[in-house]
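The values are calculated or read from the model by the stated rules, or taken from the named source; none is laboratory data. Just so we're clear, the structure is a prediction, and the values are computed from it rather than from any experiment. So basically every Cβ, Gly included, is an ideal-geometry build from the backbone, and we count neighbours across all protein chains shown. The area values use the complete protein model at the heavy-atom level, side chains included, leaving out ligands, DNA and RNA. Shrake-Rupley method; radii C 1.70, N 1.55, O 1.52, S 1.80 Å.
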Amino acid sequence: MAVVSEVSPDGKKLTIKVKGRFDFGKHQEFREAYERKQRMPDSVVVDLKEATYLDSSALGMLLLLRDHVGGDDSEIRVVNTSSDVRKILAISNFDKLFDIT
């Protein structure tokens with residue numbers, strides 16, 4: 001699996017790990033990682049440590065996640081980003097929508 005999700009033992013945090021290319025080919029897997037949860041956790045972490053590439057469809061997927069979680073009230077962190085990915089997210093002003101580290 002290129003997209004792996006796990007919920008913390010207390011059920012309050014969902015972590016979604018993306019491996020390889022984060023592009024349209026991951027769309028279905030990424031959506032299933034959060035849509036199939038019976039109860040949406042309070043916070044979501046998107047771990048891009050093993051992501052090798054990110055394109056505009058990945059940005060769209062992050063926006064869909066944000067809308068699903070609750071829009072402006074959502075707590076979503078994008079972690080373990082490479083410097084190149086951070087640049088893409090900053091240029092796209094995603095640093096205003098997500099907590100990026």
Any residue in the stretch 38-56 that is among the acidic types (Asp, Glu) and more than 14 Å from THR15 (Cβ to Cβ)? yes
Among (1) out of contact with any Leu (no Cβ under 6 Å at 6 or more places or on another chain); (2) outside any strand (DSSP E or B); (3) at pLDDT 90 or above, the one test that MET1 misses: (3)
Could you please give the count of residues in the stretch 70-97 that are open to solvent by 30 Å² or more (accessible area, probe 1.4 Å) and not small (Gly, Ala, Ser)? 14
Take the stretch 54-69 and flag every residue that is among the aliphatic types (A, V, I, L, M) and either in contact (Cβ under 8 Å) with a residue 60 or more places away in the chain or open to solvent by 40 Å² or more (accessible area, probe 1.4 Å) (or both). LEU63, LEU64
By residue number, the members of the stretch 25-73 that are touching a Gly at 6+ places or on another chain (Cβ under 9 Å) and either more than 19 Å from ALA90 (Cβ to Cβ) or at pLDDT below 95 (or both) are LYS26, HIS27, ARG39, MET40, PRO41, ASP42, GLU50, ALA51, THR52, TYR53
Of all residues in the stretch 9-44 being under 14 Å from LEU64 (Cβ atoms) and of a type in the set (Lys, Arg), the one that is least open to solvent (accessible area, probe 1.4 Å): LYS26
